[in-house]
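Undergrad: Okay, handing you the structure first.
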Amino acid sequence: MSECLAEAGIAHTVCVATEYGEIVLKENPFMTVHRGRMDKDQIKDFIQSGEFEAVIDATHPYADIVTENIKAAMNGMQIPYLRLKREMKYSEKEDNVFYFESNEACAKALEKMQGNILLTTGSKELEKFCVSEDVKSRLFVRILPGLESLSLCIAQGIKGKQIIALQGPFSTEMNEAMIRQYEISCLVTKQSGASGGYFEKIEAAKRTEISVFAIGHPGKDAGYSFREVCDELEKICQRKIQTKSKMEVILAGIGMGSRNCLTKEVQDKIEEADILLGAERLLEPYTSRIEKKTFYLAKQIVPYLREIQMKHPMENLNVVVLFSGDSGFYSGCQSLYHALKEEIDIGQLNAEIHIMPGISSVAYLASCIGESYQDAVIYSMHGKEVYNLANRIQINPKTFLIMSGVKDVNRLGEVLINSGMNDCEIITGYRLSYEEQQIKKRTPDECVALTEEGLYTCFVKNPNAKIKRLTHGIADGEFIRDKVPMTKEEVREVSICKLKLHQDAVVFDIGSGTGSIAMEMARLSPDIQVYAIEQKKEAVSLIWQNQKKFQLENVTVIEAKAPEGLENLPKATHAFIGGSGGHLKEILRVLYQMNPDMRVVINAISMETICEIKDILTIYPIENEEIVQLQVNRAKEAGTYHLMQAENPVWICSFDFRKE
């Protein structure tokens with residue numbers, strides 16, 4: 001509060017009871033410090049002589065006597081009294097925590113406990129725990145490192161070896177270390193909420209399996225929130241008071257989920273976290289000082305952090321968002337990072353962001369089975385479609401697959417069986433890093449029969465991997481074609497080259513025929529999406545057969561006439577028109593409306609179509625126009641001779657639509 005007032009340029013006086021209380025205050029030119037305890041009359045004289053415009057009671061929730069003295073001293077005064085309510089949040093009761101309404105009741109219960117006691121309630125109430133000599137002899141008292149606190153300990157007969165004089169905050173790990181060092185059997189604390197380190201004590205006690213005696217009733221602390229006090233002071237002082245907190249947001253990869261797989265850096269940040277965010281499975285083993293929420297999407301986290309920033313003004317909050325595996329490896333971390341950066345850049349969040357890596361399931365599985373992964377390909381099937389899986393595995397000796405569940409393992413087995421790769425060695429990693437972990441070699445048939453649900457990562461070793469061909473070009477004889485006309489091999493290659501396809505292209509193959517053009521394009525990359533549009537049933541059947549033969553899952557067959565069949569399809573980046581059914585003008589109009597930046601290639605055989613193309617191209621704004629006439633001759637055997645036989649000449653027209 002003092003820092004807030006100083007930043008707003010408001011002069012104020014801070015009253016502290018001890019020298020230590022003065023030492024911990026940050027100096028600023030607008031602050032005056034009054035040191036020393038005061039009774040009711042002294043408080044009254046001090047307020048009246050100070051010409052103050054308001055009194056803020058920021059004492060501890062358990063300092064009932066001081067609060068009553070302030071209220072009594074201000075009785076009849078015309079200046080406002082503002083009780084600052086501390087923000088507290090409490091978890092559900094734990095099995096190892098016992099609750100007491102008073103120090104006396106707690107001290108009485110300690111007489112029945114065996115073993116050493118860690119007392120973290122401070123020095124003021126110490127005498128109530130020293131009534132019993134047996135209890136006193138077993139106390140280890142954690143106090144502030146001030147002369148007054150030490151004097152109270154000595155006055156009660158507490159020996160030096162029983163005194164732990166340290167300034168907090170204390171992390172869970174530090175509490176745990178003290179419990180183990182002093183062989184503590186019971187920890188005594190006030191229910192002081194996040195600011196008093198209550199949750200770190202509870203978590204440390206849980207880890208060491210000791211009892212906790214908790215004193216007090218949080219929730220009785222009525223008054224104003226920090227923001228409400230600032231609002232009142234703004235009215236009184238006619239000054240704007242900024243209350244935006246500073247956050248450190250850590251986006252942390254935590255490995256597969258087991259505590260044992262955390263990096264030390266991430267573990268420390270989780271221990272220090274005021275707020276933990278992430279999927280429920282990831283949050284379950286951990287506690288935080290303020291709260292934890294099952295948020296893992298940017299649309300959930302961004303507004304939540306804005307709200308928290310207002311609820312905890314002028315606090316330096318540590319926020320940790322947990323991601324499974326490695327934060328930079330098939331993770332949602334990057335999208336959240338950019339969303340938070342945007343909020344920071346526009347001034348909506350006052351925060352710093354740091355990303356911390358974790359151990360990926362691929363790295364973990366590779367270490368378990370003695371394999372490297374720098375020479376393997378890695379694909380994630382976790383919540384996404386991986387097209388042409390058979391083709392990917394066929395050309396790679398080693399493949400790692402991150403999977404959503406058992407259905408993905410079943411699919412892997414089916415793909416390998418259908419593509420004749422039964423000799424592949426499969427190793428499945430089930431619930432990696434957990435107690436239920438299973439790492440097992442399986443055949444494709446065993447993968448198909450697997451039913452145990454859970455997270456899997458798989459390794460596939462293909463002893464007969466094919467060498468990947470870098471050029472496209474399927475021989476005409478490899479296609480199933482029947483009597484349906486087909487674009488010949490050389491024409492296909494030139495036409496596809498003119499399309500200038502790129503990664504993630506979406507392509508329409510209009511008038512697809514046997515699907516030869518569609519298959520050639522789809523084989524270039526599994527990241528290309530091809531839509532084969534064909535109106536003739538016999539041709540559609542052939543496209544399906546060729547798709548199955550070449551195992552191309554990134555080809556979608558549309559049985560329809562163009563341009564009607566183009567409706568409701570994704571926006572194409574490229575279009576190949578091999579047959580228009582006499583509707584070339586209408587098809588181009590729809591394509592231009594769909595995407596005025598589209599790349600188009602048209603093949604024509606008849607003079608009528610060639611003439612139509614030239615006329616139509618004057619209607620639309622285009623650029624990079626090119627018309628090529630391709631004549632292919634093939635050698636045919638005639639006895640002992642080879643004679644060249646001409647194929648029909650084909651006109652290949654290519655261009656880019658241009659926005660007007």
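Undergrad: Tally the residues that are assigned to a strand (DSSP E or B) and closer than 29 Å to Met381 by Cβ, restricting the search to region 302-325.
TA: Our first condition is that a residue be assigned to a strand (DSSP E or B); within region 302-325, this holds for 316-323, 325.
Checking which are closer than 29 Å to Met381 by Cβ leaves us with 320-323, 325.
Total satisfying the criteria: 5.
Undergrad: Any residue that is over 24 Å from Lys536 (Cα atoms), among the polar types (S, T, N, Q) and in contact with a Phe, Trp or Tyr (Cβ under 6 Å, 6 or more places away or on another chain) - is there at least one of those in region 615-622? First the steps, then the outcome.
TA: Taking region 615-622 as the starting set, the residues that turn out to be over 24 Å from Lys536 (Cα atoms) are 615-622.
Filter again for among the polar types (S, T, N, Q), leaving 618.
Narrowing the set further to residues that are in contact with a Phe, Trp or Tyr (Cβ under 6 Å, 6 or more places away or on another chain) leaves none.
No: zero hits.
Undergrad: Here's something else I'd like to know. Asp482 passes all but one of (1) surrounded by fewer than 16 Cβ atoms within 10 Å (Cβ to Cβ); (2) not assigned by TED's automatic domain parsing to the domain that holds Phe576; (3) not polar (S, T, N, Q); which number fails?
TA: (2)
Undergrad: While we're looking at this one, here's another question. Tally the residues that are under 17 Å from Tyr379 (Cβ atoms) and out of contact with any strand residue (DSSP E or B) (no Cβ under 7 Å at 6 or more places or on another chain), restricting the search to region 409-446.
TA: Summing the residues that are under 17 Å from Tyr379 (Cβ atoms) and out of contact with any strand residue (DSSP E or B) (no Cβ under 7 Å at 6 or more places or on another chain) in region 409-446 gives 8.
Undergrad: So which of Lys128, Lys136, Lys124 ends up being surrounded by fewer than 19 Cβ atoms within 10 Å (Cβ to Cβ) and outside any loop (DSSP other than H, G, I, E, B)?
TA: Lys128
Undergrad: Looking only at residues in region 151-178 that are aliphatic (A, V, I, L, M) and surrounded by 14 or more Cβ atoms within 10 Å (Cβ to Cβ), which one is farthest from Gly122 (Cα to Cα)?
TA: So, considering only residues that are aliphatic (A, V, I, L, M) and surrounded by 14 or more Cβ atoms within 10 Å (Cβ to Cβ), the one farthest from Gly122 (Cα to Cα) is Ala177.
Undergrad: Take Glu608 and decide whether it is assigned by TED's automatic domain parsing to the domain that holds Met486, of a type in the set (D, E, K, R) and buried (at least 17 other Cβ atoms within 10 Å of the Cβ).
TA: No, not satisfied.
Undergrad: Could you tell me how many of the residues in region 548-559 are out of contact with any helix residue (DSSP H, G or I) (no Cβ under 7 Å at 6 or more places or on another chain) and either on the phi > 0 side of the Ramachandran plot or modelled with pLDDT of 95 or more (or both)? Talk me through it step by step, then tell me what you get.
TA: In the first step, residues of region 548-559 are kept if they are out of contact with any helix residue (DSSP H, G or I) (no Cβ under 7 Å at 6 or more places or on another chain); the result is 548-549, 553, 556.
Next cut, either on the phi > 0 side of the Ramachandran plot or modelled with pLDDT of 95 or more (or both) only: 556.
The total comes to 1.
Undergrad: Return the residue satisfying two criteria in turn: it lies in region 426-443 and is at pLDDT 95 or above and exposed (fewer than 14 other Cβ atoms within 10 Å of the Cβ), and of such residues it is nearest to Leu262 (Cα to Cα).
TA: Among those residues, the one meeting the criterion is Gln438.
Undergrad: Give the residues of region 67-81 that are buried (at least 18 other Cβ atoms within 10 Å of the Cβ) and among the hydrophobic types (A, V, I, L, M, F, W, C), sorted by residue number.
TA: Ile70, Ala73, Met74
Undergrad: Of all residues in region 326-380, which are charged (D, E, K, R), part of a loop (DSSP other than H, G, I, E, B), over 20 Å from Asn260 (Cβ atoms) and in contact (Cβ under 8 Å) with a residue 40 or more places away in the chain?
TA: Glu371
Undergrad: Taking region 23-49 on its own, how many of its residues are within 18 Å of Ala6 (Cα to Cα) and surrounded by fewer than 16 Cβ atoms within 10 Å (Cβ to Cβ)?
TA: The number of residues fulfilling the criteria is 11.
Undergrad: If a residue must be surrounded by fewer than 21 Cβ atoms within 10 Å (Cβ to Cβ) and touching a residue at least 24 places away in the same chain (Cβ under 8 Å), how many such residues does region 179-189 contain?
TA: 4
Undergrad: For the list (1) surrounded by fewer than 14 Cβ atoms within 10 Å (Cβ to Cβ); (2) within 20 Å of Arg492 (Cα to Cα), I need the number of the one condition that Lys614 fails.
TA: (2)
Undergrad: Please go through region 611-654 and pick out each residue that is in a strand (DSSP E or B) and on the phi > 0 side of the Ramachandran plot.
TA: Asn624
Undergrad: While we're looking at this one, here's another question. Consider Met486 against the criteria (1) farther than 30 Å from Leu412 by Cβ; (2) modelled with pLDDT of 95 or more; (3) touching a helix residue (DSSP H, G or I) at 6+ places or on another chain (Cβ under 6 Å); (4) not small (Gly, Ala, Ser): it satisfies all of them except one. Which criterion is unmet?
TA: (2)
Undergrad: Related question: From the list Lys468, Lys500, exactly one residue is among the basic types (Lys, Arg), assigned by TED's automatic domain parsing to the domain that holds Gln535 and within 18 Å of Pro526 (Cα to Cα). Which is it?
TA: Exactly one residue qualifies, and that residue is Lys500.
Undergrad: Here is a further query. If a residue has to be farther than 19 Å from Asp504 by Cα and either of a type in the set (Gly, Ala, Ser) or not assigned by TED's automatic domain parsing to the domain that holds Asp408 (or both) to count, how many in region 369-389 make the cut?
TA: 3
Undergrad: What are the residues in region 9-37 that are more than 15 Å from Glu148 (Cβ to Cβ), among the hydrophobic types (A, V, I, L, M, F, W, C) and modelled with pLDDT of 85 or more, if any? Steps first, please.
TA: So in region 9-37, the residues more than 15 Å from Glu148 (Cβ to Cβ) come out as 9-15, 25-34.
Filter once more, keeping what is among the hydrophobic types (A, V, I, L, M, F, W, C): 10-11, 14-15, 25, 30-31, 33.
Matches in region 9-37: Ile10, Ala11, Val14, Cys15, Phe30, Met31, Val33.
Undergrad: How do the pairs read when you match residues in region 125-140 that are not assigned by TED's automatic domain parsing to the domain that holds Ile179 with residues anywhere that are basic (Lys, Arg), using Cβ under 8 Å and keeping only pairs 6 or more apart or on different chains?
TA: Cβ pairs passing all conditions: none.
Undergrad: I would also like to ask the following. For Arg289, only one of the following conditions fails: (1) part of a helix (DSSP H, G or I); (2) surrounded by 20 or more Cβ atoms within 10 Å (Cβ to Cβ); (3) in contact (Cβ under 8 Å) with a residue 40 or more places away in the chain. What is its number?
TA: (1)
The values are calculated or read from the model by the stated rules, or taken from the named source; none is laboratory data. Fair warning: this is a prediction, and the values are worked out from it, not measured in the lab. Using ideal geometry, Cβ is built from the backbone for each residue, glycine included, and neighbour counts are taken over all protein chains shown.
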